[in-house]
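Working notes, beginning with the structure itself.
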Amino acid sequence: PRWQKIDTSLWLENRYKDAPECNETELHVGLSTAMYFVENVAGAYEILQQVQAAMAAGRRIRLELEPTRWLRMLNGGKNESRCIGCTRSTCLAYRGKEFQESVQRVKEIVAILPCDAITFDVEDWEPNQMNDTMDKCTRCLAEKEKRGYASWIEYFDKMQAEMMAEYTKAVREGAASAGRVCPRIGYY
């Protein structure tokens, strides 16, 4: 039976979603939600027809956005949004041009693609990527001191929440600019 209250989806790449009867088949096995990975504005336009077809078939739409990975992957990893002296971590203190461009990208994607839910995949700060770098980053050190955070845990929690608040605001603005209700927003 179809779930009425629980969204169920399959972690499936966009390229498989144009298979004949994809929506009907996924609905038949109980997958009420079509999930799409969106990398950029061009990619949003590329899948717009797929999203519209899934909606027409009665499916909910979930976008999976990875803005911190977008930052990490810029220029082959040689970018200003990483912790200073590190090649692995997106810097929690960085709010410069690259960050602002990623916020704008989220806003534009949401304006293009109608959706019921957005999940931000922000796994960039796991211990294997962050613990050995954050306390050495001069930008993080300066921001922690400036704000008076007593510990790295407090710094991490507050700065991550602040960064994600910018992406949440971009979702609200993108949906409003398209005349749509703001989708549910989750973090992974």
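We did not get these values from a lab; they are worked out from the coordinates using the rules stated. The structure presented is a predicted model; accordingly, all values stated were derived computationally and were not measured. Because the Cβ atoms are built from the backbone with ideal geometry, glycine has one as well, and the counts that use them run over all protein chains shown.
Quick one: if you stick a label point 7 Å off each Cα along the C-beta vector at Glu101 and Ala161, how many nm between them?
That separation, rounded to one decimal, is 3.0 nm.
Rounded to a whole number of µm²/s, how large is the Stokes-Einstein D of segment 48-109 at 4 °C and 1.567 mPa s, given Rh as the Kirkwood radius over C-alpha pairs?
Reported coefficient: 97 µm²/s.
Do any of Lys78/Lys136; Lys146/Lys169; Lys107/Lys136 go past 22 Å between their Cα atoms, and which?
Lys146/Lys169; Lys107/Lys136
Please list 3J(HN,Hα) in residue order for segment 163-169, calculated via the Karplus relation 6.51 cos²θ - 1.76 cosθ + 1.60 where θ = phi - 60°; whole Hz, with x for glycine and proline.
Once rounded to whole Hz, the list reads 5, 5, 4, 5, 5, 4, 4.
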